[in-house]
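The structure appears right after this line, and notes come after that.
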Amino acid sequence: MLLVDARGVPLSIIVTAANHHDITQLVPLLDAVVVPRPEVAPRARQHLCADAGFRGASARQDMLKRQYTPHVRPRGEERTQRAQGKRARRWVVEVAHSWFTRFRKLLVRYEKMHRSYLALTMLAAAIISFRRVPAKINIIYG
């Protein structure tokens, strides 16, 4: 599971078995954020966009308890937009997932040990974060 910021930079990664439901891993994912969050101002709330797997009262309460404004995408929204002739809106998390699938070692999980796969995922996250740094600051890419 992956939590990203508005630019697609990974903030939190959790590796679980495929048979674990997403909603059970929401709290560990939100608590595993490695970058300290800025102070939440009363008027400027921090938004959290999620897919329909995080729909429900318990997930909403967990998001609100951590001072996020939840935005949960309902099921079938993309289908109705396509029927209306509108282009489907892609969320930043979906783009970040596609960046992770470009690493062939992560595309199909051949690693037997949990910590090996987590380390490779963290390395990919570091590379993705490094590529998101603006070019004028980036010393390697000139």
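Things worth noting here:
- Candidates GLN25, GLN61: the one that is over 17 Å from the mean Cα position of the chain (by Cα) and not in a loop (DSSP other than H, G, I, E, B) is GLN61.
- Test: residue in the range 86-109 that is under 29 Å from PHE130 (Cβ atoms), in a helix (DSSP H, G or I) and among the basic types (Lys, Arg): yes
- Only one entry in ARG66, ARG45 is surrounded by 11 or more Cβ atoms within 10 Å (Cβ to Cβ), within 23 Å of HIS20 (Cβ to Cβ) and not hydrophobic (A, V, I, L, M, F, W, C), namely ARG66.
Yes or no, residue by residue, for (1) surrounded by 11 or more Cβ atoms within 10 Å (Cβ to Cβ); (2) of a type in the set (A, V, I, L, M); (3) farther than 29 Å from TYR117 by Cα:
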position	(1), (2), (3)
ASP5	yes, no, no
PRO70	yes, no, yes
GLU78	yes, no, yes
GLY85	no, no, yes
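- Among residues of the range 55-91, those that are touching a residue at least 12 places away in the same chain (Cβ under 8 Å), within 25 Å of PRO42 (Cα to Cα) and not aromatic (Phe, Trp, Tyr), counted: 14
- Yes/no for THR69 being at pLDDT 85 or above and assigned to a helix (DSSP H, G or I): no
The values are calculated or read from the model by the stated rules, or taken from the named source; none is laboratory data. Not measured: the values here are computed from a predicted model. Counting neighbours? That spans all protein chains shown, and the Cβs are built from the backbone with ideal geometry, glycine included.
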